[in-house]
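A short worksheet on the structure shown next.
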């Protein structure tokens, strides 16, 4: 007759605490990343607006110069 060896896996009482601490660290890291993503999105929007403003200024300057050239001809 073969006896089966059965061992129970005992989970330490403090195991749940480790999971809670891990979850807190993950939550903190996600919050930090969300803040960085929000900041970067705002920065991109600001740069986009600045780029559009500069293109409009450049287009206005080009149009003004073309009009000057046409007036000289």
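Any read-out appearing in this document is the output of simple, stated calculations on the displayed coordinates, not a laboratory observation. Note that the structure is predicted; figures quoted are calculated from it, not measured. In this analysis, Cβ positions are derived from the backbone assuming ideal geometry, glycine residues included, and neighbour counts consider all displayed protein chains.
Just a few scattered comments:
- Helix 15-72 axis versus longest C-alpha principal axis of the chain: approximately 10°, rounded to the nearest ten.
- For mean projected area of the Cα convex hull in nm², the value calculated from this model appears in [x] 5.1; [y] 7.1; [z] 11.1 under label [z].
- Taking 12 Å as the cut-off, the amide N atoms of segment 31-60 that come nearer than this to a point 7 Å along the Cα-to-beta-carbon line of residue 67 belong to 60.
- Each label was represented as a point 7 Å from its Cα along the Cα-to-Cβ direction; for residue 44 and residue 11 these points are 4.0 nm apart.
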